[in-house]
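FYI, it's all coordinate maths here, none of it is from the lab. None of the values given here were measured: they were computed from a predicted structure. Here Cβ is always computed from backbone atoms with ideal geometry, including for glycine, and neighbour counts include all displayed protein chains.
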Amino acid sequence: MIVIGELINGMYKDVGKAIMNKEADVIQHLAVDQMKSGATALDVNVGPYSRDPVGDMKWLVETIQSVAQVPLSLDSTRIDVIEAGLKLASKRAIINSTSADDDRMQAIFLLAKKYNTQVVGLAMDKTGVPNNKEMRLELAATIVAKAIEFDISTGDLFLDPVVLPINVAQAQGREALESIREFRLLCDPSPNTIIGLSNISQGTKFRSLVNRTFIAMAIANGLTSAILDPLDKELMDSMISAEMLLNKAIYCDSFLEAYRKK
Amino acid sequence: MAIELVKERYASPINTLEIGIGGKAVKIGGQTTLPFLFDEGAMSNPPVIALEMLDCEPSDWADSLRSRYGDCVKDPVKWADKCVKEFGSKILCVRLQSTHPDYGSKKAEQVIPVLRSIIKNTGVPLVIVGGGDDERDNEVLPKVSQALKGENCLFGIATQNNYKTLTATCLADGHSIIAESPIDINIAKQTNILISDMGFDSSRIAMHPTTTSLGYGMEYVYSIMERGRLAAFMGDKMLAMPFILFVGAEAWKTKEAKDFSAVQGIGWELATAVSMLQSGADLLVMRHPEAVEAVGKYIKNAMGEK
C-alpha cells in the first residue's frame, strides 16, 4: 500500500495555527511521526484559511524537507499553489488533484508533464460527485484518456472514486468500492486507486472503527493507496492485516512487525 | 508474429552474506533473479559448495562415502586438509558431532583447538553447526563462537524455539547465523524476525528451509523456497536471506544412497543438489567429493562459465 499521511493540512486547527505562526517544529514533528508510523508519502495542504497560499506551500515544503526526504502529495485547488510546491519538491511528487473537467485536466497534466509527477484523478466534475459507479467509471475513463493524450503512464495515475460520509450518503459506500475494482481494469498498466479515507467517517461517532473497516473492504476491492491518518495504529494494523489476508505478504506470527520492518 | 517472452523484473535483491575473512572469504546471495534466469536479473555470486566433515570419526556414514576419505576421518584436522588441499573445497562445514551426548559429549574446550588448527592449516571460511542436541549446543557453541571471534564464521542452528543463546553469542562475536524452519515459510519468516528483534543484522542470517532429498518430497521444499524468494524479490526483507541446504546429510541418510553402489549414492546426492540449486540454494553443504565435483561443473555451466 502507498500510504499518504493526511495530517499536514491547514484545515486542522493546530496545523492552521502552526502555518500562520510559522511554527516549523509542529510541522516537522507531524512529518516525522507520520513517516515513522508507515506513511510512504505526505499530503501537504495549506488549508482554507491561508492568507498567502503560495508562500505557505513553499514554507511547508521546505520545512518538511529539512527533516524528511519523502514524496509529497501537493494538495490544492489552485494551480499556482501546486506549482510553488513542485518547484521545491526533492522527490517525485504527486499532484492532488484533478477532476474530470477538461480545463482542470489540461492545466494539471501540463504541470505533471513539466515536473514528471504522479496525479490523483477524482471521479467527479463541475456537476459534483456521481451517485453511481457507472458515472464514476465514465469520469475516470475521461481522466485516463486525457492522461494518455499527455503521454503520462496510466501507472502514474491515482484514481479516486470520491468517498462520501456514510451518514450523508450511505448508499455511496458500496458504489465507491465497486468503482475501485473497475478502475483497476480500465487500462494497462493498471492505475493506482486511492481514497481520502477519513471522509467516510466524517461526523460519525466511531470514526476509527469505520475507517479501519472500510479500508479493509477497499483493499479487498483493489485499493492500492489511501490518504489517511497513519498515527491511527489500529487502522494501520487493519490495513496490514487486509493485505496479508489477500496473500500480498507472507504470513508469520509477527506479520504486523514484519510489515513495519520494510 | 514472433512470440515475445514475458520477463520478470524484481525490485529487491537477496542479501549478500560474506563468510570468512581476507582473501579467502566467500560471498553468497546477492541475486536479483530466480536461479540462472539471466535474462531477468543477475546472480552476482554463483552458488557455493561446502564440503561437510565431522569433528569425530563418523559412525554411521555409508562405506561408499567414508572410504573415499580413507583414514583421515579419524583426525578432523587431516580431514579438513584433505577437503581443501585434495578436493579443492573453498569453504568447510564442520559438524560438532562429538559434543552430542550420543557421540561422547565432548566439551567446548576439547573442540576449540581442533577448529583453531583447521583454520590455521586451511585458511578457508567455516560453517560450524552444533551436534544437534539443543542443551549441549547451547553450552558448547557460545564458547566456540567466542574462541573464534573475528573469524566471521557461519554458525548454526537457530530455530524458532531455540535461537536466543546462539543469536546473542553470534552478535557478540561477529559471526553470522543459520535460521532453520521445518519446511514452513511462515515459521521461516518468524524465526528471521525473532533473531533480528534481538538486534541481529538481518543481512547476516542464512536461511535453512530444511533439506530433503530426491524421492522424499523435494518438490515441497522447492515450492517453499520459490515462494520465499518471490516474496523477497517483491520487497519482503524478512525473507531476503540466502539459502543454505544440507544436501549431503539428507541424501546420504536415504537407503537408496547408502545401501547400493557408490555410483548410485553419488548420483543421489548430485540429483538432490542440482534440484536444490534450481530451487534457489546459495550454499550447498555436501559430502561426496565426486558429487561435489559434478555439481561444481553444473554450476559453472549454468553460470555460463567455461
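Remark: the residue B:261-residue B:133 segment gains 42.9 nm on full extension, using 0.36 nm per residue and subtracting the alpha carbon distance.
Applying 0.36 nm per residue to the separation of residue A:127 and residue A:169 and subtracting their alpha-carbon distance, the gain on full extension is 13.5 nm.
Here the extension length gained between residue B:300 and residue B:143 equals 52.7 nm, from 0.36 nm per residue of separation less the Cα-Cα distance. Taking 7 Å steps out from each Cα toward its Cβ at residue A:51 and residue A:24 produces label points 2.2 nm apart. Working from label points 7 Å from Cα in the Cα-to-Cβ sense, the residue A:80 to residue A:153 distance is 3.4 nm.
If you take the Cα centroid of the range B:184-210 and the Cα centroid of the range A:138-180, the two points sit 41 Å apart. Relative to one another, the C-alpha centroids of the range B:5-58 and the range B:259-282 are positioned 18 Å apart.
Loop exposure criterion: GluC sites (Glu not before Pro), DSSP state outside H, G, I, E and B, at most 11 other Cβ atoms within 10 Å. Applied to chain B, the longest stretch between such sites is B:5-304. Between residue B:81 and residue A:217, the modelled label-to-label distance comes to 7.6 nm, taking each label 7 Å out from Cα in the direction of the beta carbon. Taking the helices alone, chain A has a mean residue ellipticity at 222 nm of -14500 deg cm²/dmol, built from -39,500 (n - 2.57) per DSSP H run of at least 4 residues and averaged over all its residues. Estimated from helical segments only, the mean residue ellipticity of chain B at 222 nm is -12000 deg cm²/dmol, where each DSSP H run of four or more residues counts as -39500 (n - 2.57). Considering only beta bridges that DSSP places wholly inside the protein assembly as shown, some 10 percent are antiparallel.
For the range B:39-302, the alpha-carbon coordinates run over 49, 40, 31 Å along the three principal axes, in decreasing order.
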